[in-house]
Amino acid sequence: MSTPTSMLDLDRFRATPLQHEPFDFLCVPGFVKREHLEALHRDYPKVDKPGSIPLGVFPQGPAFDALIEELRGAAVCQAFSEKFGLDLSRYPTMFTARGMCRATDGKIHPDSASKIVTVLIYMNPPWEASGGRLRVLRSPNLEDYAAEVPPDEGTLLCFRRCDTSWHGHHSFEGRRRAVQMNWVRNSVYIWHEQWRHRVGAWLKNRTGALRRSIEGRFPGGRGETSSP
């Protein structure tokens, strides 16, 4: 059961039926308790780049640290193990955070075969945009969907990865926060992904710094070409 100090409403999670079509998934609005949202917004990693970013690359505060600690805990592992009929305690977990969405994000995919269960926790104000709403798909066709999930603050979407666990969303560009936790098959995959994402974040930072330097030397355009 959820404890008074818990950030997560595991009772609500347990009471939500697992959907089996088109694959095993469930959505739980209010999975993060409302009284913790303000602190989590404040302490969310200061991610100002697109892509999945490993924790620790950008500054984050104590409320967010507490959320991750609870997600790593035995109570969460047991609840998800029971829901999916798996012993997830045998597998390591991997965490990333998203802060910005590119217009090219949201392409349809089933997730890597190294992932067992994917957990997404959204941390955005009530979502008004038509894009950026994750769709649980019956096929690799964005209009053939069984569910559409607005990325509202505190909402959980999780699913068991399989070859047909298709998901994606219509284009959106701007701030879109999501914490992702995965139970994965081995720690080598975590090392590889953390390394890849960290290098990607470093390259984006270096590219941005170089672009700003060039724009500073050549005002009015990028490089030596002026904008109209």
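The values are calculated or read from the model by the stated rules, or taken from the named source; none is laboratory data. On a predicted model such as this, the values are computed, not experimentally measured, just so you know. All Cβ positions, glycine included, derive from the backbone under ideal geometry; neighbour counts span all protein chains shown. When the accessible area is computed, the model is the full protein with side chains, heavy atoms only, and any ligands, DNA or RNA have been set aside. Shrake-Rupley method; radii C 1.70, N 1.55, O 1.52, S 1.80 Å.
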Stretchable slack from Ile68 to Arg14, in nm (0.36 nm times residue separation minus alpha-carbon distance): 17.5 nm
Accessible-area order for His169, His20, largest to smallest, probe 1.4 angstrom, reads His20, His169
With r defined as the distance between the Cβ atoms of Ser130 and Ser89 and R0 fixed at 35 Å, what FRET efficiency is calculated, to the nearest 0.05? 0.30
Of the range 60-79, those with amide N under 20 Å from the point 7 Å along the Cα→Cβ vector of Ala39 are 60-76
For Lys83, the lysines lying under 28 Å Cα to Cα, once residues fewer than eight places off in the same chain are dropped, come out as Lys33, Lys107, Lys115
So if I place +1 on the C-beta of Lys and Arg and -1 on the C-beta of Asp and Glu, and nothing else carries charge, what would the dipole magnitude of the range 109-172 be about its Cα centre? I want it in debye, nearest 20. 260 debye
Give the dimensionless ratio obtained when the Cα radius of gyration of the range 1-155 is divided by 2.2 N^0.38 Å. 1.05
Using only the alpha carbons, work out the radius of gyration and Dmax of the range 49-120 in angstrom. 14.3, 37
Coil-residue GluC sites (Glu not before Pro) of the range 122-169, DSSP, other Cβ within 10 Å capped at 11: Glu128, Glu143
Roughly speaking, what is the centre-to-centre gap between the range 119-157 and the range 1-68 when only Cα atoms are used, to the nearest Å? 15 Å
